[in-house]
Amino acid sequence: MLNVPSQSFPAPSSQQRVASGGRSKVPLKQGRSLMDWIRLTKSGKDLTGLKGRLIEVTEEELKKHNTKDDCWICIRGFVYNVTPYMEYHPGGEDELMRAAGSDGTDLFDQVHRWVNYESMLKECLVGRMAVKPALPKDYHEEKKVLNGMLPKSQVADTLAKEGCSSPSYDWFQTDSSVTIVIYTKQKDINLDSVIVDHQDDSFRAEILIKDYSYIIHVELSHEIEEDFSVRVVENVGKIEIVLKKKENASWKRLGHPLENHNSLILKKDTGLYYRKCRLISKEGVTHDTKLFCLMLPPSTHLQVPVGQHVYLKLTITGTEIVKPYTPVSDSLLSEFKEPVLLNNKYIYFLIKIYPAGLFTPELDQLQIGDFVSVSNPEGSFKISQFQELEDLFLLAAGTGFTPMVKILNYALTNIPSLRKVKLMFFNKTEDDIIWRSQLEKLAFKDKRFDVEFVLSAPTSEWNGKWGHISPALLSEFLKRSSDKSKVLICGPTPFTEQGIRLLHDRNFSKEEIHSFTA
Ligand SMILES: Cc1cc2nc3c(=O)[nH]c(=O)nc-3n(C[C@H](O)[C@H](O)[C@H](O)COP(=O)(O)OP(=O)(O)OC[C@H]3O[C@@H](n4cnc5c(N)ncnc54)[C@H](O)[C@@H]3O)c2cc1C
Ligand code: HEM
C-alpha cells in the first residue's frame, strides 16, 4: 500500500526529494508539525497511559493494541504507544497503522531507517518485549535471518556466493605505533570504503564491502594520539590503519571488544554512526540557500563517495532530529581533488533554509565553532557505472542540484570517454539559481559541458526557457550521440516522478536512469 504523492505537497518550492517506492509525506492538520509534537512530548502529559511505568510486553499483549485509538508498535525490541503520534506522523496514519500491534522494525527501516524514533518517541515508550523462553536451536537461526541479521556462518556463505570471503584482521606494533591490518580479500576496496573514528574510549573502523559492513570496534588498551593514517592496498584489498602511541609502552592486546567487534553485518543493520563536526563557515549563495562548511574531527577518517548523502543530526528542544543532505565541493571550478587529497577534513553542503521548516532554521542559527553530528554516507549511486560513458544528462530542480555538483566535477575530470555533459536546471525564479555564474563559467571553460536554466515563474525580462519538466523541453535536451548514455535526476517528488515517466517515454531504460533517494 503506497501513498500516491499529491501534487500539492511537497509544494513546488519545497525541496523534499522523492523517496524510494514513490512514497511521500501527507498534509498534516494545523498544529500537527514536528515542532508541535516535540512540544507535546515536553508538556508532561502521560503519552503511554501507564503513568511513566515501563512494562514487559508479551507478543499476545502487543497484538491487542492494533487500532488507531490504541496503537502499539515494536521497534528493535522496544514497544511504543504511537496513538498520540498518529496525527503527527508525516507519512500519514495509514502508513503507521501498517505496523500496528506488531514488530514494525523491518517496515520502519525500509522507509526511513534514519529517522531518530528513539528520541522522538521517548515519552511513548511502553517497555521492552518480554524475552521468549528458550527455543530449539533451529528456530533461533531462522528468526535471526528474518530480522535481517544473518548468523555469521551464513554471512560467510552468502558472501561466498557473491564471490567474497569473510574479512579478518590482525595487528602489530613498533615502539611508537600500532598498525591494524584488515584483510578484506576484495579487489574493489578504496579509501571511500573505510570509515574510522576514535571517539572517547571507542575505536571503530567500518569497512564497506558490497551490502555488508565489517566492523572493528574496541576500547583500546592504551592511549593514542588524535591523528592516524589509513592506507589501502587496492589490488589485494588490504587496509592498514596506523595509530601513534602516546607512550612507548608495549601493548599486550589491542583492547577490549565492544559492540559488533570483528563481525560482518548487513549494512542496513548497523545503525547510523555519527561524529560531531565543527561548523567552520557559512556563506550566502542565493537569497535562501547557504554553503555550510563542516570540519571532521582529527580522529575521523571519512570520505563521502560521489553521489551519496549523509544525515545531519541536531538536538532541537531536547529531541534529536535527523535530515539527509548531499555533500558538494566548495566550488564547481576547483579541480576535482577528493581522490588524491587524502586528508580532506572538510565537508561542504548547499542547504536551502525554510523559514517554516524544523531543521534548517536551527542549522542556520548555529554559530561558527558550534557542532553538528554527521553520519556515515548512504545511497545507492555508484560512480563506477560511469566508466566508458559518452553522454551524461543531468536533470535537477532546486536543491536537487546538490548531488550533481560532485558528479559534474568527477565526470569532467575522470571520465576520458565523456563527450557531452548537459545539465537542465529547473528553478522558480532567476534568484533561486544556485551557482549560476559558476555554471556559466564552467560551460565556457569546458566545451563538453552545457547548462540550460528553466524557470517556472520568470519575470518578463527572462528570455530563456520556462515551464515545468515536459516532453517538449526534454525532446530537445536529450539528444544522444551514442548508446553509452546516462540520465541522473533529482528534485521534489512530482518533478522526479514526472521526469522518470518522460524518460521512459523517450526509451531510456531503467539502467540508464538514476534518481536520488533517501
Ligand atoms: C537524499 C536527500 C538528500 C538531500 N540533500 C539536500 C541538500 O543537499 N540540500 C538541501 O537543502 N536539502 C536536501 N534535502 C532535503 C532535506 O533533507 C530537508 O528535507 C530540507 O532541508 C527541509 O528540512 P526542514 O526540517 O528545515 O523543513 P521541514 O520541516 O521538512 O519543512 C519544509 C517545508 O515544508 C513544509 N511542510 C513540512 N511538512 C509538511 C506537511 N506534512 N504538509 C505540508 N507542508 C509541510 C514546511 O512548512 C516547510 O515550508 C535532501 C533530501 C534527501 C531525501
Ligand atoms: C513502522 C511503520 C511506519 C511506516 C510504514 C512509515 C511510513 C512513512 C512514510 C511513507 C513517510 C513519508 C515518506 C518520507 O518522508 O520518507 C514517513 C515519514 C516520516 N515518518 Fe514514518 N513510518 C512508520 C513509522 C514511523 C515511526 C514509528 C516514526 C517515529 C518517529 C516515524 C516518523 C516519521 C518521520 C519523522 C517522517 C518524516 C521524514 C522526513 O523528514 O522526511 N515513522 N513515514
- Message: Keeping every protein chain present and rolling a 1.4 Å probe, give me the accessible area per residue for the chain in Å².
- Response: 49
- Note on the structure: Once residue 387 and residue 509 are pulled to full extension, the length gained, defined as 0.36 nm per residue separation minus their Cα-Cα distance, is 42.2 nm
- Message: For a Förster distance of 22 Å, can you work out the FRET efficiency between the beta-carbons of residue 94 and residue 59, rounded to the nearest 0.05?
- Response: 0.40
- Message: Give me Rg/Rg_expected for region 458-511, where Rg uses Cα atoms only and Rg_expected = 2.2 N^0.38 Å with N residues.
- Response: 1.29
- Extreme residue, positive dipole direction of region 322-459, given options 409, 331, 374 (C-beta unit charges): 409
- Message: How high is the relative contact order of the chain? Use alpha-carbon pairs under 8 Å, at least six apart in sequence, and give a whole percent.
- Response: 13
- Please list the equivalent ellipsoid semi-axes of region 163-313, computed as the square roots of five times the alpha-carbon gyration tensor eigenvalues, in descending order and whole angstrom. 28, 21, 14
- Go ahead and run the numbers for FRET between residue 417 and residue 470, Cβ-Cβ distance against an R0 of 35 Å, rounding to 0.05. 0.70
- Query: Can you give the extra length, in nm with one decimal, that the chain gains between residue 444 and residue 479 once fully stretched, where that is 0.36 nm per residue apart less the Cα-Cα distance?
  - Reply: 10.6 nm
- How do the peptides 426-436, 448-458 rank, highest first, by the average count of neighbouring beta carbon atoms within 10 Å per residue? 426-436, 448-458
- For region 349-471, with equal point scatterers placed on the C-alpha atoms only and solvent neglected, what are the log10 I(q)/I(0) values from the Debye formula at q = 0.18, 0.19, 0.20 1/Å, to two decimals? -1.11, -1.16, -1.21
- Expressed in nm to one decimal, what extension gain is obtained for the pair residue 460 and residue 331 from 0.36 nm per residue of sequence separation less their Cα-Cα distance? 43.4 nm
- Translational D (Stokes-Einstein, µm²/s) of region 250-365 at 10 °C and 1.306 mPa s when Rh comes from the Kirkwood sum over C-alpha pairs? 95
- At q = 0.30 Å⁻¹, the log10 of I(q)/I(0) for region 44-93 from a Debye sum over equal Cα scatterers comes to -1.32
- Note on the structure: Over 26 Å (Cα to Cα) among 45/68; 210/245; 406/486; 122/313; 290/441 -> 210/245
- Solvent-accessible area, 1.4 Å probe, carbon plus sulfur percent, for region 344-480: 52
- the chain, convex hull of Cα, quarter of hull surface, nm² -> 27.1
- Message: Place a point 7 Å from the Cα of residue 371 along the Cα-to-Cβ direction; which residues of region 256-274 have their backbone N under 16 Å from it?
- Response: 273-274
- Percentage relative contact order, region 451-518, counting C-alpha pairs under 8 Å, at least six apart: 28
- Distance between modelled label sites at residue 42 and residue 430, nm, 7 Å Cα→Cβ extension: 4.3
- Message: I'd like the carbon and sulfur percentage of the solvent accessible area for region 177-311, probe radius 1.4 Å, heavy atoms only, ligands and nucleic acids excluded.
- Response: 45
- If you look at just the Cα atoms of region 386-432, how large are its Rg and its Dmax in Å? 11.9, 37
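The values are calculated or read from the model by the stated rules, or taken from the named source; none is laboratory data. All values derive from a computational prediction rather than experimental measurement. For neighbour counting, all protein chains shown are included, and Cβ atoms are generated from backbone atoms with ideal geometry for every residue, glycine included. In case anyone asks, the SASA skips ligands and DNA or RNA and just uses the protein heavy atoms, side chains included. Shrake-Rupley method; radii C 1.70, N 1.55, O 1.52, S 1.80 Å.
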